[in-house]
Amino acid sequence: WAGRAPIMEYSFGFVGVGTMNAAIVRGIATLPAPPKSLVLSPRGAARAAELSAEFGPLVTVAKDNQAVVDASDVVFVGVLPRLGEEVLRALRFSERHTVVSLLSTMPLAEVRACCAPVPPASVVRAIPLPPVAKQRGACVMTPRHAPVAALFSKLGTVVEVDSEEEMRKMIGITCLMGQLYAQQ
């Protein structure tokens, strides 16, 4: 995904439909110019069905995770960390894909190995916060990747860092969000 064309010309896929991927779907689906399609995996079937009903033909639920990958230019992976390697290794990616890993404990090098032949520069790790659903969230990501950063900037504020080491230093800040939600 070179990011040269407008976002509406791309398809975005979501493997796993938990809290974070659902928030990203809501944020992207409500952009003034959303992408051509958002394809959800059947993991988290109830939430996937809810999002499909909420956003109509823009959001579809695929028959399986491979169908998500096959239909998408950009694939967000948001499954439980303990399932990450198993889920990723079962998928067949191509060089055309961009992969955004939301897997909190899986090192980027391991994600890249599982997603081959996706070029390493096209596999990024991101930690978005739930307010991305309302385009008011923050996201920390590594490495720098202009198209992914441009997408997250439409969903709020993006902080690009050069390495996972720098990202680890910022993770503690993201943990403070729980208390904020508890006080609302």
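Where strands (runs of 3 or more DSSP E) fall wholly inside segment 91-167, the ranges with 1 or more residues that are in contact (Cβ under 8 Å) with a residue 40 or more places away in the chain and at negative phi are 98-101, 123-128, 137-142. For segment 117-150, residues that are out of contact with any strand residue (DSSP E or B) (no Cβ under 9 Å at 6 or more places or on another chain) and open to solvent by less than 40 Å² (accessible area, probe 1.4 Å) total 1. When segment 48-78 is limited to residues that are without any contact (Cβ under 8 Å) to a residue 40 or more places away in the chain and of a type in the set (Gly, Ala, Ser), the one that is nearest to GLU95 (Cα to Cα) turns out to be ALA67.
The values are calculated or read from the model by the stated rules, or taken from the named source; none is laboratory data. Predicted, not measured: the structure shown is a model, and the values here were computed from it. Backbone-built Cβ (ideal geometry, glycine too); neighbour counts: all protein chains shown. Protein only, heavy atoms only, side chains kept; ligands, DNA and RNA dropped before computing areas. Shrake-Rupley method; radii C 1.70, N 1.55, O 1.52, S 1.80 Å.
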